[in-house]
1. Can you give me the relative contact order of segment 25-128 as a percent, contacts being Cα pairs under 8 Å and 6 or more apart?
2. Magnitude of the Cβ-charge dipole of segment 64-157, K/R +1 and D/E -1, about the Cα centre, nearest 20 debye?
3. With unit charges on the beta carbon (Lys/Arg positive, Asp/Glu negative), name the residue among ALA115, THR54, ALA13 whose Cα is farthest towards the positive pole of the charge dipole of the chain.
4. For a distance above 19 Å, tell me the whole-number percent of Cα pairs in segment 1-118 that qualify.
5. Using mean Cβ contacts within 10 Å as the protection proxy, how do 62-69, 26-33 order, highest first?
6. Would you mind computing, in nm to one decimal, how far apart the modelled labels at THR136 and VAL100 are, each placed 7 Å from Cα along Cα→Cβ?
7. How far, in degrees from 0 to 90, does helix 109-118 lean away from the longest principal axis of the Cα atoms of the chain, to the nearest 10?
8. What is the order of HIS118, HIS19, fewest Cβ neighbours within 10 Å to most?
Amino acid sequence: MEARLNLFGNTVATRIMKHVASTGRALRETTLPSATQELVGIRVSQINGCGFCTDMHTKDAALAGETPVRLHLVAAWREATVFTAAERAALELAEQGTRVADAAGGVTDEAWENAAKHYDEDELAALVCLISFMNTVNRMNLIVRNPAGDYQPGQFG
């Protein structure tokens with residue numbers, strides 16, 4: 001399978017992807033724990049069916065020391081005992097923020113308040129931006145049918 005369009009080879013897309021990549025770098029520089037960032041990236045990508053980002057974030061998380069058990073259980077995080085209360089709150093917010101089209105009310109007050117128990121305002125801002133960012137890059141990859149499987153850990157810095 002080949003992508004319909006090489007987002008890193010097209011002149012227009014390359015110019016725009018530089019800004020997209022800078023968003024990813026800015027998110028990594030926040031105080032939101034990197035493990036939480038990877039878990040959220042994986043879960044949003046799973047929901048959206050983005051194989052490219054699921055491949056990337058599971059490999060990067062494994063390289064950073066994430067355990068195989070936790071990586072395998074992200075899709076079933078509600079039934080798993082291996083995630084902290086803070087991670088569970090972030091995953092719930094990520095799911096509701098990703099499925100806004102499926103829910104008339106969007107993100108519930110309960111999900112927001114639960115996340116706010118575990119994250120300060122800057123971390124909440126990073127979490128909101130991360131969820132939005134992941135949904136953006138997932139859609140870009142899905143539109144061009146960017147294939148999964150060839151990502152090398154750390155490939156994008």
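No lab work stands behind these numbers, since they all come straight from the coordinates. All of these numbers come straight from a predicted model, not from anything done at the bench. Don't worry about glycine lacking a Cβ; one is built from the backbone with ideal geometry, like all the others, and counts go over all protein chains shown.
1. The value is 32 percent.
2. So the magnitude is around 460 debye.
3. ALA13
4. Result for the distance tail: 55 percent.
5. 26-33, 62-69
6. A separation of 1.3 nm, rounded to one decimal place.
7. The answer is roughly 90 degrees.
8. HIS19, HIS118
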